[in-house]
Amino acid sequence: MLMGKFTHNLDAKNRLFIPAKHRDQLGETFVITRNIDKCLSVFSMEEWEKYTDKLEQLPSTQAREIARFIYSNATDVQPDSQGRVLIPAELLAYAGIEKGAVVVGCGRHAEIWAEEIWNEKNNSESEE
């Protein structure tokens, strides 16, 4: 299970450090894609297959649109020797990540949020 919250900054080459706890569970290669919540989702290859298998069970018209959104914005990544992954500029722009990012464990997947958006969302949810 992916758990915890970790804050890191992008480096000049758009690389983000993925915590060792998460890397151990995600494996040598994992997938980063858009999430409908304006953040990025991170899946191990095993969980990615389970996630995408569910798409195939949806009615074809619904599945096509969701599949386009998910697959066209997905990338597989491999951490470098320092635990950093290169995140494509399009994904960073989608999530609003410019410098600070928060990596959040969500059980079977992780999410990457722009630090400002995470803090704003977290503060408004705790007030409710």
Q: Express in nm, to one decimal, how much length is gained between Glu49 and Asp80 on full extension, taking 0.36 nm for each residue of separation and deducting their alpha carbon distance.
A: 8.8 nm
**Q.** With every protein chain in place, the chain: carbon and sulfur % of accessible area (1.4 Å)
**A.** 48
Q | Nearby lysines by direct alpha-carbon distance to Lys5 (threshold 18 angstrom, same-chain neighbours under 8 apart not counted) | A | Lys21, Lys38, Lys99, Lys121
Q. What dipole magnitude, in Debye to the nearest 20, does the chain give about its Cα centre under +1 on Lys/Arg Cβ and -1 on Asp/Glu Cβ?
A. 220
Q | Choice from Arg108, Arg15, Arg64 showing the highest fluctuation, given a GNM over the chain with Cα pairs closer than 10 Å | A | Arg64
Q. Among (1) 1.09; (2) 1.92; (3) 1.05, which is the computed Cα Rg over 2.2 N^0.38 Å?
A. (3)
Q.
With a cut-off of 8 Å between alpha carbons and a minimum separation of six or more residues, what is the relative contact order of the chain in percent?
A. 38
(Q) Using a probe radius of 1.4 Å on heavy atoms only, what accessible surface per residue do you get for region 21-84? Whole Å² is fine. (A) 63
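The values are calculated or read from the model by the stated rules, or taken from the named source; none is laboratory data. The shown structure was predicted, so the numbers you read here are calculated from the model rather than taken from an experiment. Neighbour counts are summed over all protein chains in view; Cβ atoms, including those assigned to glycine, are modelled from backbone coordinates with ideal geometry. Note: accessible area is taken over every heavy atom of the protein model, side chains too, but ligands, DNA and RNA are not part of it. Shrake-Rupley method; radii C 1.70, N 1.55, O 1.52, S 1.80 Å.
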